[in-house]
Amino acid sequence: MMLFPNEQQQLIESSALTWLRKEYGFEQRVRSVQDPHGCVPRVWEQFAEMGWLGLPLPEAAGGFGAGPLATGLLMRAFGRHLVVEPFAACILYAARLIADAGRPDQCEEWLPGIIEGRMRAALAHDEAAVRDPHEARATRARRIAGGWELEGRKVLAVGAPGAELLIVSASLEGSEEGSQCGREQLSFEHRLFVLHPALPGLSVHACATADGGRAADLVLDKVRVGPEALLGEDVDARAALAAVQAEAVVAQCWEAVGAMQAAFEQTADYVRQRQQFGQPLSKFQVVAHRLAEMAVQCEEALAACKLAALRIERGEPELPTLASMTRSKVGRAANFVGKEAVQLHGAMGVSEELAIASTFRKLQAFAQLGGSTASHSRAFGRSMLASGAWRASRTLPPGTGSDAAHKQEPYA
Amino acid sequence: MNLLLEPTDAAFREEVRAFLREQLKPEVVRGQRLTTAMYPEPEISGPWQRALQARGWLVPLWPAEWGGTGWTPVQRFIFETECALAGAPLVHPMGVRLVGPVLLKFGTDEQKRHYLPRILSGEDYWCQGFSEPGAGSDLASLKLRAVPSGDDYVLNGSKIWTTHAHHANRMFALVRTSTEGRKQEGISFLLIDMESPGITVRPIATIGGDHDVNEVFFDNVRVPRANLVGEENRGWDCAKYLLEFERGAGIFSPRLRSQLKRVGDAIEALRARGLHPDAALETRFGEVAADLDAFEMLELETLGRLQPGQNPGPVSSILKLRASRTKQAIGELGVEALGLEGLRWQDAARAAESDDDALLATVMPEYLNSRAFTIFGGAAEVQLGIIAKTTVGV
C-alpha cells in the first residue's frame with residue numbers, strides 16, 4: 001500500500017501549478033472568459049505542449065495513458081486557478097469516448113489531432129427533458145438507406161462552440177419497443193455519432209456558462225449522415241458512455257476540490273487581514289470555527305476523490321456507483337465551502353473585486369453538471385443497499401476465494 | 001499511490017481472519033451486537049481481552065518487552081478492520097490504551113512491574129477520574145484535593161462522568177496537590193484502589209437508558225504516596241500524554257462501519273416486515289455511506305503516513321471530530337429508518353421475541369447515546385478550536 005503520490009504524479013501536479021501561476025493569471029483568465037469559444041487558441045496549444053491534452057488518452061494514439069489519479073491532480077490544479085478552457089468537456093468526455101468506443105480507424109483519424117491541439121471534440125449528450133445522465137435520450141437515430149437520420153435537441157454541450165467534432169448521443173429508434181414499465185426499467189439502446197458542425201440540418205447556438213466557459217444548444221433537424229459517422233461499431237453505447245461519464249465526474253470532483261481549497265485559503269487570508277471591532281475577524285471564535293469546518297470539508301472531499309481514483313486504478317467494476325459516492329461527498333462539501341467563503345468575505349464575497357465570486361460560480365456550475373448532488377446520493381444509497389458492498393472495508397482490497405466467504409458473516 | 005496490499009500484509013490479514021474464526025465466540029459477537037452503551041460490559045469484553053492477550057495481540061502499541069507487536073500502521077488498520085467487521089467487542093480502553101502508556105512513560109519500575117501485568121491479564125479493571133462537576137472542557141480547573149499526611153495523601157472531593165466506575169477496581173485520577181501558580185501546575189496523577197474506605201459510587205442515568213457513567217465521591221480517602229505517577233504537581237504532563245493517546249491512537253472507521261452494519265441489518269429487518277426504504281432513506285443512506293467511505297480513506301491515509309509509534313498530532317482533531325459526527329449521522333440514519341417503531345421504549349418483552357426485535361431495540365438507545373460523542377474526550381467546539389489554531393493558523 002502506497003499512500004503518497006509517486007514522483008511522476010507529483011511532477012505532473014507541480015509543473016501544472018507552476019505553469020498556471022506564471023501563465024494563467026487574472027488577465028489571461030479574463031481573455032479566456034471573453035473568448036467567443038471560451039478557449040484561447042494559444043492557451044490550448046500550450047496545453048498540448050505541456051502534454052495535458054493526451055494525458056488520459058492511450059499511448060497507442062500518442063497519449064500518455066495516465067490513470068485517474070494523475071488526471072485528478074491536473075484537474076485539481078485547473079480548479080485552483082479556475083481554468084476556463086474546456087479540458088474536461090473536450091478531453092475527459094469527448095476524446096475519451098473516441099478512444100474507448102471508437103473504431104481503430106476513427107481513433108487514428110481524430111486522436112492525434114486532438115492530442116496535438118489542432119482540433120477539438122465536444123460531447124452533446126444532455127437534453128432539456130432528461131435529468132438523469134444515464135436515461136434514454138429523446139434524440140432519435142433512425143436507420144435509413146445509406147446511413148442514419150438524426151432528429152432532436154441537445155442543450156448546454158460544454159466546449160461545443162468552436163469544436164471541429166460534435167459527438168451526439170441518440171436513442172436507437174425501435175430499440176425501446178415492447179416495454180411499458182416505469183422509466184427506469186425501460187430497455188433501450190444508445191448510439192453515438194460524430195458530426196461536423198456545418199452539416200445540413202444541424203444548428204449550433206452558442207451561449208456563455210455560469211463559470212465563464214461556453215456551451216451550445218444543438219438542433220438536429222433530419223440530419224442525414226453516412227455509416228462512417230457512427231462512433232464505434234453498431235452496438236449499444238450506453239456502457240462505454242457510462243464508464244467515460246463516471247471517470248469524468250470523478251475528475252470534475254478533483255477540480256472542485258482545487259477550487260474549494262483555493263476558496264478556503266483566500267478566506268483564511270482575508271479574515272486574518274480584515275479588521276473590525278478593533279481586531280482581525282479571525283480572532284472571533286465563530287469565524288475561526290467556520291474556517292476549521294471548511295478545512296475539514298476540504299480534507300474529506302479530497303479523501304473521497306483519492307479513494308475513487310485509487311479504486312478505479314485498482315480495477316473497480318462499478319464505476320457509476322463510485323462516481324456517485326464521490327459526487328455526493330464532494331457536492332455537499334463544495335456547497336458548504338463555497339457558501340462559507342462568500343459569507344466570511346462579507347460584501348467583498350458578492351462583488352467581482354476578488355476571485356471569490358468567480359470561485360463560487362465555478363462550484364455552482366459543478367453542482368449543476370451531470371445530475372444533482374442529491375440524485376447522486378440516492379443513486380449511491382440505492383446501489384449500496386442493493387449490493388451490500390458497504391459492509392466491507394472500502395479502502396482495503398477485497399480478498400479472494402475464502403476471503404469473500406469470510407465477509408458473509410461467518411460468526412453470526 | 002495505490003490501495004493494494006503487500007503480500008506480507010495480505011498474509012497478515014489471513015492470520016487475523018484465521019484467529020477470528022477460531023477465537024471469536026458467537027455469544028461474544030451477540031453481546032457486542034446488542035450493546036448500546038459506549039463500552040460493552042466486562043463479561044463481554046473480558047473474554048475477548050483474554051483471547052487477544054493469549055495471542056499476544058492485546059497491546060500493539062506498547063514496547064515489545066511489554067507485549068507490543070511492532071505492527072505497521074497499515075497492519076494496525078487491517079487488524080482493527082477485521083476485528084470490527086467480524087463483530088468483535090471493543091476492548092475496554094482505560095487500562096490498555098490510557099493508563100498503560102502513561103505508566104510506560106512516567107511510571108517507576110516498581111509501578112510498571114506491579115500494574116502492567118495486571119492490566120494485560122484483565123485482573124485490574126480501570127476507570128478514569130478526570131472530569132469534575134466544575135471541570136469539563138476546562139479540565140485544569142479541577143479541585144479534588146489531595147493533602148499529604150504521613151505516607152499517604154488524603155483525598156476529598158468528587159469526580160463525575162466516570163465510565164464503568166461501578167465495575168472498576170482501580171482509578172487513575174488527576175488530583176489537586178497545589179493551589180499555587182498556574183492551575184495546570186498544581187495537578188498530580190494518582191492511582192487509586194476503588195476498595196479504599198471513603199469512596200462512594202453513585203450511578204448516573206443517561207439519555208439512552210444505559211448505566212455507563214457515575215459520580216464518585218471521596219470522603220477522607222487515604223491513598224499511598226507511592227501511587228503517585230511522575231512528579232508531584234506534574235500530573236498535567238501525564239494528562240496531556242494520555243489525551244494524545246485517547247484522541248490519536250484510536251482507529252475509528254472500522255467501528256463506524258460495524259455500526260453502519262447494524263443499521264443496515266435493521267433496514268433489512270424492516271424490509272422483511274414489508275417496510276421498504278423510500279427515496280428519502282436511500283438518499284440519506286447514500287450520504288452517510290459516502291461520508292464513511294471518505295472518512296475511512298482520510299483515516300487510512302493519515303495513519304499510513306506515520307512511522308510506527310508516532311502519533312498523528314493535530315490532524316487527530318479532524319479525525320476525532322469527523323468520527324464523532326459520523327457516528328451520530330449513522331445513528332440518526334438508523335432512527336430515521338426505524339420511523340414509528342422508534343417510539344418503543346425499553347420494551348423487553350418485545351425485544352425478546354426474535355433476534356430482529358432485539359436488534360431493532362438497540363437502534364434508538366444507540367442513537368441517543370451517540371449524542372455524547374461530540375461532548376466527551378474534547379468537545380467538538382474544543383476540536384474546532386484546535387483545528388483552527390493548528391491547521392488553519394488563526
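The values are calculated or read from the model by the stated rules, or taken from the named source; none is laboratory data. It should be emphasised that the depicted structure is a prediction, and the values quoted were computed from it without experimental measurement. With ideal geometry, Cβ positions are generated from the backbone for all residues, glycine too; neighbour counts draw on all protein chains shown. We work out accessible area using only protein heavy atoms, side chains counted, and drop any ligands, DNA or RNA first. Shrake-Rupley method; radii C 1.70, N 1.55, O 1.52, S 1.80 Å.
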Worksheet entry | Selection count where residues are of a type in the set (A, V, I, L, M, F, W, C) and not in a helix (DSSP H, G or I), scope the stretch B:112-130 | 3
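Could you go through the stretch B:258-274 and let me know if any residue there is under 30 Å from A:L310 (Cβ atoms), without any contact (Cβ under 8 Å) to a residue 60 or more places away in the chain and within 13 Å of chain A (Cβ to nearest Cβ).
The answer is yes; a qualifying residue exists.
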Fill in: Residue ID - surrounded by the most Cβ atoms within 10 Å (Cβ to Cβ), chosen from residues in the stretch A:188-222 that are within 21 Å of A:D35 (Cα to Cα) and β-branched (V, I, T)
A:V204
Worksheet item: Would it be correct to say that B:L242 is open to solvent by less than 50 Å² (accessible area, probe 1.4 Å), touching a helix residue (DSSP H, G or I) at 6+ places or on another chain (Cβ under 7 Å) and within 30 Å of A:G388 (Cα to Cα)?
Response: no
Discussion item. Just the residues that are among the β-branched types (V, I, T) and within 30 Å of B:M1 (Cα to Cα), please, taken from the stretch A:1-42.
Written reply: A:I12, A:T18
Discussion item. Take A:G399 and tell me if it is within 21 Å of B:R257 (Cα to Cα), surrounded by fewer than 23 Cβ atoms within 10 Å (Cβ to Cβ), within 9 Å of another protein chain (Cβ to nearest Cβ) and of a type outside the set (D, E, K, R).
Written reply: yes
Worksheet item: Does the stretch B:281-299 contain at least one residue that is more than 9 Å from chain A (Cβ to nearest Cβ) and either closer than 25 Å to B:Y153 by Cβ or free of Cβ contacts under 8 Å to residues at least 12 places away in the same chain (or both)?
Response: no
Worksheet entry | Qualifying position, being farther than 21 Å from A:A367 by Cβ and either touching a Pro at 6+ places or on another chain (Cβ under 6 Å) or not hydroxyl-bearing (S, T, Y) (or both), among A:R80, A:R31 | A:R31
Worksheet item: In the stretch A:256-268, which residue that is more than 10 Å from every other protein chain (Cβ to nearest Cβ) and surrounded by fewer than 24 Cβ atoms within 10 Å (Cβ to Cβ) is farthest from the chain's Cα centre (by Cα)?
Response: A:Q266
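Do the conditions hold for A:V286, that is, is it β-branched (V, I, T) and open to solvent by less than 30 Å² (accessible area, probe 1.4 Å)?
In short, no.
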Discussion item. For the stretch A:231-271, give me each residue that is of a type in the set (S, T, N, Q) and touching a Phe, Trp or Tyr at 6+ places or on another chain (Cβ under 7 Å).
Written reply: A:Q252
Worksheet entry | Sole residue being open to solvent by less than 40 Å² (accessible area, probe 1.4 Å) and touching a strand residue (DSSP E or B) at 6+ places or on another chain (Cβ under 6 Å), chosen from A:A122, A:A77 | A:A122
Item to complete: Take the residues in the stretch A:131-162 that are among the aliphatic types (A, V, I, L, M) and within 19 Å of A:A365 (Cβ to Cβ), then tell me which one is surrounded by the most Cβ atoms within 10 Å (Cβ to Cβ).
Response: A:A160
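Kindly indicate whether any position in the stretch A:276-296 is in a strand (DSSP E or B) and facing another protein chain (nearest Cβ under 10 Å).
Within the stretch A:276-296, one or more residues are in a strand (DSSP E or B) and facing another protein chain (nearest Cβ under 10 Å).
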Fill in: Check on B:L3, within 12 Å of chain A (Cβ to nearest Cβ), open to solvent by less than 20 Å² (accessible area, probe 1.4 Å) and touching a Cys at 6+ places or on another chain (Cβ under 9 Å)
no
Worksheet entry | Pick from the stretch B:23-44, criterion more than 30 Å from B:A205 (Cα to Cα) and open to solvent by 40 Å² or more (accessible area, probe 1.4 Å), ranking: nearest to the other protein chains (Cβ to nearest Cβ) | B:K25
Item to complete: Might you let me know whether the stretch B:6-22 holds any residue that is open to solvent by less than 40 Å² (accessible area, probe 1.4 Å), within 14 Å of another protein chain (Cβ to nearest Cβ), under 27 Å from B:C127 (Cα atoms) and touching a helix residue (DSSP H, G or I) at 6+ places or on another chain (Cβ under 8 Å)?
Response: no
Fill in: helices (runs of 4 or more DSSP H) contained in the stretch B:305-394 and holding at least 1 residues open to solvent by less than 20 Å² (accessible area, probe 1.4 Å) and within 14 Å of chain A (Cβ to nearest Cβ)
B:315-338, B:355-370, B:380-387
